[in-house]
1. Which angle between 0 and 90 degrees, to the nearest 10, do you get for helix B:17-27 versus the longest principal axis of chain B when only C-alpha atoms count?
2. Bin all alpha-carbon pair distances of chain A at 5 Å intervals from 0 and give each bin's fraction as a whole percent.
3. Between A:Ala23, A:Ala49, A:Ala107, find the one with the highest GNM mean-square fluctuation for chain A; connect C-alpha pairs within less than 10 Å.
4. In degrees between 0 and 90, to the nearest 10, how far off the longest principal axis of chain A does helix A:130-143 point, with axes built from Cα atoms?
5. Could you name the aspartates and glutamates whose alpha carbon sits less than 14 Å from that of B:Lys82, not counting residues in the same chain fewer than 8 places away?
6. Quick check on segment B:79-173: take the gyration tensor over C-alpha atoms, sort the square-rooted eigenvalues as a ≥ b ≥ c, and tell me if it's rounded (a/c under 1.5), prolate or oblate.
7. Could you tell me the center-to-center distance, by alpha carbons, between segment A:38-86 and segment B:38-110 in angstrom?
8. Cα gyration tensor of the protein assembly as shown, axes a ≥ b ≥ c as square roots of the eigenvalues: rounded (a/c below 1.5), prolate (a/b > b/c) or oblate?
Amino acid sequence: MAILPVLVYPDERLKRVAEPVTAFDARLHKFLSDFNETQRAAPGCVGLAAPQVGCPQRIALVDVSARPNTPNNGRLLLINPEIIERGGETIGREGCLSVPDYTGNVARAEWIRLRSRDEHGAPREYRCQGYEARAVLHELDHLDGLLFLDRLVSRRDLFRRRVYQK
Amino acid sequence: MKHWYMLTLVGQDRPGIVAALADALFRAGANLGEASMVRLGGNFTIMMMAETEMSDASLRHALEPEIRQFGLHTHIDAIEGKLHQHLTPNVQVTVHGADRPGIVAQVTAALAAAGFNILDLDSDVGGSSEHPIYVMAIDGHVAGGASALDKPLAALHANGIDAKAVSIDTLVG
């Protein structure tokens, strides 16, 4: 196993659309083992997408299970994930391993349903809400060459929406 | 050798001020750092970091046509320009209600006493001139998170000021 170097914006590879995984083979499993180790080694990191480590494939990891009071599906390995349903909107603050020293507010769905494959190619389906949904959406953006910087909303928006919601 | 300046410019707001200032600085070979422009009471205000080899006097000279054209009050101060050192806030405090003197003083005094470090603050007066309302949002950091502000906010509430604190959970992915 090895910890893979994480690409940092403005690396152009972070802006590319990743390709679906077609072979669920030993080569994929070798990558997944390094990918897992890389995510675990990053302190406070709740997700990682393959393009962040220079692999242009539709693979992401999300794990918010270490956070207190956070509904979650455990450690999610998402291969070729697709959102099939989403609802609600919430604004929260995001940062990214690939964008050091900057955080910003981003609007995301409150809940999502998604389909993906596991490491053997078997279909999976998950329902995620709140913080976990935000993490999944953040990682899935990476698969489409998007960063949270592409979705920033101003801090004033955050406050105004919160005031008007009451 | 290059050094950083903080430029503060204030005047009557008109379209095109930022573009004119940025262009003048660019032509003078200055590099911009962090900047914040906001309208306060209809006035144009901007603070921006600029890095240049020029002295403060020659930097001012380079901006003189724009300063004159837009009638801007201008301060130029040498600063230490520390980039890449953002602190991440963990709590947002919001306050709103009927405007009256002393709200900022009381809220920020309570926050300071609780060890809250203000990283970002904006406040606005809305409503009508007969019934002005006051709206303030503060991002900051306090050890212990939002619950560390329970007592100070309860004390403010007893004084007729409604302030709320919510956690800012920054997701890193």
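1. Tilt relative to chain B: about 50 degrees.
2. Cα pair-distance distribution for chain A, in percent: 1, 9, 18, 22, 22, 15, 8, 3, 1, 1, 0.
3. Per the Cα network of chain A with a 10 Å cutoff, A:Ala23 tops the list.
4. 50
5. Once the sequence-local aspartates and glutamates are set aside, what remains near B:Lys82 is A:Asp101, B:Glu34, B:Glu51.
6. Values: a/c = 2.00, a/b = 1.48, b/c = 1.35.
Here segment B:79-173 falls in the prolate category.
7. 39
8. oblate
Quick note: the coordinates plus some simple rules give every number you see, no bench work behind them. Predicted model, so just to flag it, every value in this text is computed and none were measured. Neighbour counts are summed over all protein chains in view; Cβ atoms, including those assigned to glycine, are modelled from backbone coordinates with ideal geometry.
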